[in-house]
Amino acid sequence: DERVYVFKKGSSAGRKEMKELLGGKGANLCEMARLGLNVPPGFTITTRVCQDFYKAGGRLPDGVWEEILAAVVEVEAAYGGKFADPADPLLFSVRSGAAVSMPGMMDTVLNLGLNDTVVQGLAAKRGERFAYDCYRRLLDMFGDVVLGIDHALFEAEIHAVKEARGLKLDVELTGEDLKEVVRRFKGVYERAGKSLPSDPYEQMKLAINAVFGSWNTPRAVKYREINRIRGLLGTAVNVQSMVYGNLNDNSGTGVCFTRNPATGEKVLYGEYLPNAQGEDVVAGIRTPLDVAHMADNFPAAYADLVANTTLLEKHMRDMQDCEFTVQDGLLYMLQTRNGKRTGPAALQVAVAMEKEGMVTRDEAVLMVEPRHLDQLLHPMFEGVAKPEYKKAVLGKGLPASPGAAVGKVVFTADDAEKWEKEGEKVILVRLETSPEDVGGMHAAQGILTARGGMTSHAAVVARGWGKPCVCGLDKLQVDYATKTASLAGATLKEGDWLSLNGSTGEVLLGRQPVKAPEMSGTLSVFMEWVDAFRKIGVFTNADTPADAAIARKNGAQGIGLVRTEHMFFATAERISAVRRMIAAEELMEGEGSSAADALAALKVFQREDFEGIFEAMDGLPVTIRLLDPPLHEFLPHEGTAELDALCDALATEMKGRSGQHMSAVRILKSKIHGLQEANPMLGLRGCRLGIRHPDITEMQAKAILEAAVNVSKRGVKALPHIMVPLVGFEEELSHQVRVIRAAAEAVFKAAGASVEYKVGTMIEVPRGALRAGDLATHAEFFSFGTNDLTQMTCGFSRDDAEAKFLPLYVREGILPADPFEELDTSGVGELIKIAVQRGRETRPNLHLGICGEHGGDPKSIEFVSTLVDYVSCSPLRVPIARLAAAQAAI
Ligand code: ADP
Ligand code: MG
Ligand code: MG
């Protein structure tokens with residue numbers, strides 16, 4: 001294997017497919033050279049050398065330096081000039097570049113090869129002003145990048161010289177001025193106790209070592225961690241002969257996109273600066289000009305640029321982002337890569353390129369990333385690049401659920417509901433949220449929490465609704481007593497306007513302007529293409545008719561999960577009915593009539609809800625999970641006034657039957673205390689509840705089937721799939737199935753009509769997955785509840801692991817990713833495979849789906865796409881899941 005790849009106009013052994021070995025920049029420099037574009041010659045040192053650099057304890061592996069020297073000679077022959085030769089100096093740039101573009105890595109050093117002698121040679125050949133302009137740039141960059149001298153120190157010196165001369169711009173500095181700048185820069189080196197090696201080869205070696213060394217700096221490691229970049233060998237190093245945009249006014253440098261990266265419009269889009277080197281464009285001292293102006297000032301170079309970028313776009317089959325330099329009127333290409341783009345642009349470019357015949361339809365489908373669609377489906381803030389927006393940012397938490405939310409700050413779920421009823425838009429600000437808060441969370445425009453990670457309660461619930469949420473903003477201090485919060489020196493009072501950007505995690509003061517998502521015709525064209533490739537169905541998790549309707553509009557083909565208990569929190573009336581039911585079941589044993597009353601009241605609510613959902617999903621399957629969470633989640637916390645009031649009311653209800661009021665209250669309290677469990681997630685929940693209280697299962701089954709019968713009388717086709725949660729043992733399932741089937745018979749008999757329905761189970765207890773063959777004798781379908789399955793397979797309590805050790809595990813490389821976000825394919829995935837195989841052995845037409853958070857995660861979707869019939873995700877993620885499923889099938 002080569003370790004050093006030379007590229008020069010018309011030839012290179014490297015090519016664009018070799019990104020892993022040559023890095024993105026290197027592979028494309030080689031490709032552009034092969035295509036015959038005017039690329040300054042140079043060479044790429046491979047990423048494998050980077051790996052060996054670390055194996056060798058932080059130095060170049062044996063023999064590499066000799067290969068580099070040979071490559072320098074080859075470049076000299078191709079380009080003219082000689083490195084380190086004052087008579088005809090050739091200078092180099094040293095540029096980093098991994099397979100994935102990675103800010104946080106080492107910066108570029110330009111004009112390498114100058115020293116006090118060589119600079120005089122360069123001055124003699126090309127002019128003094130130019131030569132010393134290059135030299136001061138080298139001193140600055142080498143000092144900053146290789147030797148770690150603060151760039152600001154150089155800035156201060158050049159500023160002082162300009163000040164003394166009464167100048168504003170660097171370009172106004174004369175040759176003499178620049179000599180003075182160089183003198184002062186050397187002073188900066190001296191004060192830092194450093195020096196620029198006078199041997200150009202030594203400069204080159206140090207710069208190359210610094211690039212390799214920068215691969216493992218904390219900020220680079222952190223960047224890879226955050227962006228889940230794994231499995232790379234290292235960075236490549238590109239050493240390239242310099243071309244000079246700062247030579248004179250007939251020179252310049254710029255960047256351009258082959259299409260507008262914000263909108264996708266097909267125009268050459270970009271900017272350039274006359275008489276400048278690369279870094280000046282971003283440095284922002286002079287305002288760059290629109291690239292279209294080049295047609296006037298550099299007509300020949302502009303024509304070349306148009307021709308080259310057109311060719312590159314066709315060749316790369318994607319929108320390109322290019323760097324170029326004009327030296328004395330002649331255009332050089334310095335970089336090309338696939339351009340980063342916004343969601344709207346990604347969609348526009350993909351559809352346009354397919355229509356132009358530039359890419360095939362499957363390529364077009366692969367060009368839009370799931371996160372691009374995500375952007376298209378949520379309201380967004382306007383002008384996020386504007387200073388007004390940036391100034392308003394108070395802090396940044398985790399981007400837990402995307403979209404823009406604007407509202408007035410409230411600190412309790414009750415206030416959120418109350419204010420919303422009065423027509424206010426609110427942002428609910430909490431230290432953290434709990435299931436009791438869901439009413440207020442639903443009423444709020446967005447949710448902000450100080451604690452909790454991407455899978456905290458607030459995050460999961462908010463994503464489920466597609467409601468913006470920022471969580472884990474640990475700098476946020478909340479004082480519930482005074483209803484105030486403080487963040488970055490600002491105090492937030494109840495009623496203050498606040499804006500949340502759930503896509504970035506930013507929290508902003510005031511009311512930031514928002515724009516609605518644009519559901520364009522282009523999007524529907526694209527989604528039609530997507531669906532033609534997709535092999536599995538996409539269902540949704542929806543608890544209300546409104547959510548079901550949104551999901552259906554987004555293309556959901558059924559409901560994979562209705563969580564009946566979410567409806568319980570919808571109104572005060574309902575939660576009170578639930579509490580009475582629990583009290584009757586758990587606390588007032590033997591008070592049969594009371595239990596029956598409470599259940600009857602609840603059944604009415606449930607039936608209404610189910611009717612609404614069946615109507616919204618007319619003709620599509622609706623999978624309804626029976627009661628799942630531990631009962632105490634529905635009760636007020638111990639020691640609260642709310643609990644006192646509840647016990648008081650219940651005791652009043654019991655009066656006459658249970659003697660004295662006060663003793664009844666006492667008994668109730670102690671029984672509620674008894675409901676507390678040390679380990680609720682492994683406690684009395686799921687089918688265990690239904691077995692302990694078969695009348696709850698019966699009530700729910702009846703509510704579902706009565707609703708189905710009712711709507712079918714109105715011409716709606718209801719397809720109820722009744723799902724038993726948390727099954728680990730065949731006998732658990734058969735018990736519940738018996739109750740459900742008996743309830744069905746009773747409903748159909750009473751109504752004199754029947755509907756088709758299915759009974760199935762969730763697979764979320766590892767034992768259930770292993771015994772899937774037995775479960776399938778009773779279940780007509782399986783739905784993998786991957787949240788619980790992950791929790792129980794890994795033995796990680798989801799609520800605690802996120803805060804306590806999962807981030808550490810990911811950082812230390814013990815886990816590749818948070819298994820609650822990205823399915824643990826080798827562990828949990830293995831159980832899914834086993835269950836699919838054993839289940840289908842028993843029942844070949846077993847219908848299979850997944851309904852955990854993973855149902856909306858593209859990587860997880862890819863994994864399950866060969867195993868199950870459908871994935872189910874929150875309504876707003878449905879299009880994303882459709883795309884991910886299509887991409888998995890291509
Ligand atoms: P980044 O990845 O930060 O863009 P680059 O390696 O692309 O870093 O270089 C930074 C700037 O220096 C770019 O504007 C680039 O065009 C310019 N540059 C790099 N190499 C050369 C060269 N050989 N001649 C002229 N300009 C160069
Ligand atoms: Mg670049
Ligand atoms: Mg579960």
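Remarks
- Near pairs, Cβ below 6 angstrom, 6+ apart or cross-chain, from the range 276-292 (assigned to a helix (DSSP H, G or I) and within 15 Å of ligand 1 (Cβ to nearest atom)) to any residue that is of a type in the set (Phe, Trp, Tyr) and modelled with pLDDT of 75 or more: 291/272
- Filtered residues of the range 10-26 (kept if assigned to a helix (DSSP H, G or I) and either aromatic (Phe, Trp, Tyr) or on the phi > 0 side of the Ramachandran plot (or both)): 23
- Criterion violated by residue 303 - all others in (1) within 23 Å of residue 338 (Cα to Cα); (2) more than 16 Å from ligand 2 (Cβ to nearest atom); (3) within 37 Å of the chain's Cα centre (by Cα); (4) surrounded by fewer than 22 Cβ atoms within 10 Å (Cβ to Cβ) satisfied: (3)
- Test result for residue 101, touching a strand residue (DSSP E or B) at 6+ places or on another chain (Cβ under 8 Å) and buried (at least 22 other Cβ atoms within 10 Å of the Cβ): no
- Flag if residue 667 is under 24 Å from residue 630 (Cα atoms), out of contact with any Phe, Trp or Tyr (no Cβ under 9 Å at 6 or more places or on another chain) and away from ligand 3 (no atom under 16 Å from the Cβ): yes
- Among the residues of the range 864-871, not a single one is under 16 Å from the mean Cα position of the chain (by Cα), among the hydroxyl-bearing types (Ser, Thr, Tyr) and surrounded by 21 or more Cβ atoms within 10 Å (Cβ to Cβ).
- Checking 722, 691 one by one, the residue that is touching a His at 6+ places or on another chain (Cβ under 6 Å), more than 16 Å from ligand 2 (Cβ to nearest atom), under 30 Å from residue 798 (Cβ atoms) and hydrophobic (A, V, I, L, M, F, W, C) is 691 and no other.
- Within the range 340-382, the set of residues being among the basic types (Lys, Arg), crowded, with 20+ Cβ neighbours inside 10 Å and over 26 Å from residue 468 (Cβ atoms) is empty.
- Qualifying residue in the range 343-359 (condition: under 30 Å from residue 109 (Cα atoms), of a type outside the set (A, V, I, L, M, F, W, C) and at pLDDT below 90): no
- Spans of strands (runs of 3 or more DSSP E) in the range 422-483 with at least 2 residues surrounded by fewer than 22 Cβ atoms within 10 Å (Cβ to Cβ): 477-479
- Looking across 728, 768, one residue alone is within 16 Å of ligand 3 (Cβ to nearest atom), under 42 Å from the mean Cα position of the chain (by Cα) and buried (at least 24 other Cβ atoms within 10 Å of the Cβ). It is 768.
- Whichever residue in the range 450-483 is free of Cβ contacts under 8 Å to residues at least 40 places away in the same chain and among the β-branched types (Val, Ile, Thr) and, among such residues, is farthest from residue 877 (Cα to Cα): 482
- Annotation: residue 164 fulfils all but one of (1) part of a helix (DSSP H, G or I); (2) within 18 Å of residue 131 (Cα to Cα); the unmet one is (2).
- Taking each residue of the range 730-756 that is within 16 Å of residue 776 (Cβ to Cβ) and touching a residue at least 60 places away in the same chain (Cβ under 8 Å) and looking for partners that are surrounded by 14 or more Cβ atoms within 10 Å (Cβ to Cβ) and of a type in the set (S, T, N, Q) with beta-carbon atoms closer than 9 Å, six or more apart or interchain, yields 736/697; 736/761.
- Residue check: residue 384 meets all listed conditions (1) out of contact with any Pro (no Cβ under 8 Å at 6 or more places or on another chain); (2) at pLDDT 85 or above; (3) not hydroxyl-bearing (Ser, Thr, Tyr) but one, namely (2).
- Any hit, the range 60-80, residues being surrounded by fewer than 17 Cβ atoms within 10 Å (Cβ to Cβ), touching a Leu at 6+ places or on another chain (Cβ under 9 Å), assigned to a loop (DSSP other than H, G, I, E, B) and free of Cβ contacts under 8 Å to residues at least 40 places away in the same chain: yes
- The condition of being in a loop (DSSP other than H, G, I, E, B), over 30 Å from residue 82 (Cβ atoms) and among the hydrophobic types (A, V, I, L, M, F, W, C) holds for only one of 243, 267, 255, 306, that being 267.
- Of the candidates 129, 137, the single residue that is more than 26 Å from residue 20 (Cα to Cα), among the basic types (Lys, Arg) and within 13 Å of ligand 1 (Cβ to nearest atom) is 137.
- Boolean, residue 225 is acidic (Asp, Glu), in a helix (DSSP H, G or I), touching a Lys or Arg at 6+ places or on another chain (Cβ under 9 Å) and closer than 30 Å to residue 29 by Cβ: yes
- Matching residues, the range 314-362, being among the hydroxyl-bearing types (Ser, Thr, Tyr) and either away from ligand 1 (no atom under 16 Å from the Cβ) or under 25 Å from the mean Cα position of the chain (by Cα) (or both): 342, 360
- Residues of the range 1-53 classified as touching a residue at least 40 places away in the same chain (Cβ under 8 Å), farther than 15 Å from residue 308 by Cα and within 31 Å of the chain's Cα centre (by Cα), total: 14
- Lone qualifier among 705, 675, 682 - being under 19 Å from residue 758 (Cα atoms) and away from ligand 2 (no atom under 16 Å from the Cβ): 705
- Any hit, the range 222-231, residues being hydrophobic (A, V, I, L, M, F, W, C) and within 26 Å of residue 117 (Cβ to Cβ): no
- Just one of (1) of a type outside the set (A, V, I, L, M); (2) surrounded by fewer than 18 Cβ atoms within 10 Å (Cβ to Cβ); (3) in a strand (DSSP E or B) fails for residue 176. It is (3).
- Extreme residue, nearest to residue 517 (Cα to Cα), among residues of the range 858-890 that are of a type in the set (S, T, N, Q) and in contact (Cβ under 8 Å) with a residue 40 or more places away in the chain: 874
- Pick from the range 96-120, criterion more than 11 Å from residue 242 (Cβ to Cβ) and outside any loop (DSSP other than H, G, I, E, B), ranking: farthest from ligand 1 (Cβ to nearest atom): 120
- Hey, residue 273 away from ligand 1 (no atom under 13 Å from the Cβ) and either in a loop (DSSP other than H, G, I, E, B) or under 24 Å from residue 95 (Cα atoms) (or both) or not: no
- Residues that are surrounded by 20 or more Cβ atoms within 10 Å (Cβ to Cβ) and outside any strand (DSSP E or B) within the range 383-413 comprise 397, 402, 403, 411, 413, listed in sequence order.
- Flag if residue 268 is away from ligand 1 (no atom under 12 Å from the Cβ) and of a type outside the set (Asp, Glu): yes
The values are calculated or read from the model by the stated rules, or taken from the named source; none is laboratory data. Worth saying up front: this structure is predicted, and the values here are computed from it rather than measured. All Cβ positions, glycine included, derive from the backbone under ideal geometry; neighbour counts span all protein chains shown.
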